[in-house]
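What follows is a set of notes on a single structure, which appears directly below.
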Amino acid sequence: MIALGIETSCDETSIAVYSTEHGTLCSKIFSQADIHAHFGGVIPEVASRNHIKKIKPLYDECINESKISAKDIDIIGVTNAPGLIGALFVGVSFAKGLGYALNKPVMPVNHLAGHILSAELSYPDLRPPYTAIIISGGHSHIFDVDEALNFSLICRTIDDAAGEVFDKTAKVMGGPYPGGIYIQNMAENGDRNKIKFPTAFKNELKFSFSGLKTSVMNTINKGEYSNEDIAASFQYTIAKTLADKVFYVANQMNRDKIVVGGGVAANKEIRRVFNELRGSKSVYFPEISRCTDNGEMIAYAATRFYKFRKFLNYKGSAYDTKHSIGLL
């Protein structure tokens, strides 16, 4: 089976072609990070307009570099939720038009399911059951994934996501958007045990990072510690909070495999802390290139979900929860 993957949930436009026999044939990503950096965050209208400009050229490049024709595509996978509604509409509309023109089925893929399954691209022998966590600018969610590819939400943030707190902390420190790399680089010269920042809901199955954000900002304003020590301590607190909760859930669900996905999963300290605390558990991180939003994970997810035969009809749309495979 050859699957085309389309991802436009936020500010990356990505197209990929995946073959169940030969693996990824081509993966293209156009990042708008530099565009939105001028605004200090993603502007939905700007993101949508750039998706419209880039999606067809990326598709053409991907088909050419894959050395296939459009008629060779067996299925089209497209992110239809969650994300910025205007951005999602671009990808879903392109997928529906292409599916109609080629007479190929279009499969709506939940963005978070794609991130979780991306680890299987990096580890071909990896299969559920496992505990999975998505760490990104918009999500800090823990799922239980069983052998039948049922995704059960176990824990989520009730306010800010981990990636959002990274961005806001970097902004207060005078850093750029996105802020994850800035914090990571600054933390390399700091002491992660220098400051004891608070952790919310230690004994409950939910995350909350707004209190941590406020505590970090107050510490910065007091000027008692270096930015390096603040960054290192903040980053470690985020990583330890995420890891502690994930390992607790894995123990409760009797899972010995843990999958970590999403853009913030690229963070070195998060990877370090998860490996420090893993004990007898196996922890699976995708390659850095597969942590960001990408069409490759959507194409792969489409092949994994094909057995459900749940396709998007031509009246289906973005954020149509009746036609979303995965988590909604």
For segment 1-80, what's the radius of gyration and Dmax over Cα atoms, in angstrom? 13.7, 43
Packing-based order for 24-36, 144-156, using average beta carbon neighbours within 10 Å, highest first: 24-36, 144-156
Suppose we keep just the alpha-carbon trace of segment 126-288; what are its Rg and Dmax in angstrom? 15.5, 52
Ratio of the Cα radius of gyration of segment 211-277 to 2.2 N^0.38 Å, where N counts its residues: 1.31
Using Cα atoms only, what is the angle between the long axis of helix 162-172 and the major principal axis of the chain, expressed in degrees (0 to 90) to the nearest 10? 60 degrees
Relative contact order for segment 126-288 using alpha-carbon pairs under 8 Å, separation at least 6, rounded to a whole percent? 26 percent
Helix 295-305: inclination vs the chain longest Cα principal axis, degrees, rounded to 10, gives 70 degrees
Antiparallel as a % of all DSSP beta bridges within the chain, to the nearest 5? 60 percent
Among the listed pairs 28/168; 206/268; 28/257; 202/257; 202/268; 71/96, those beyond 27 Å (Cα-Cα): 28/168; 28/257
What are the semi-axes of the equivalent ellipsoid for the chain, taken as the square roots of 5 times the Cα gyration tensor eigenvalues, largest first, in whole Å? 34, 22, 16
Based on alpha-carbon positions alone, could you give the equivalent ellipsoid semi-axes of segment 1-158 from the gyration tensor, as √(5λ), descending, whole Å? 24, 23, 14
Taking the Cα centroid of segment 285-299 and of segment 93-138, what is the distance between the two, rounded to the nearest whole Å? 9 Å
Run the numbers on the chain and let me know its relative contact order in percent, using alpha-carbon pairs under 8 Å that are six or more apart. 25 percent
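Every read-out reported here was derived from the displayed coordinates using simple, explicitly stated rules and does not represent laboratory data. Keep in mind that this is a model prediction, so the values were computed, not measured. With ideal geometry, Cβ positions are generated from the backbone for all residues, glycine too; neighbour counts draw on all protein chains shown.
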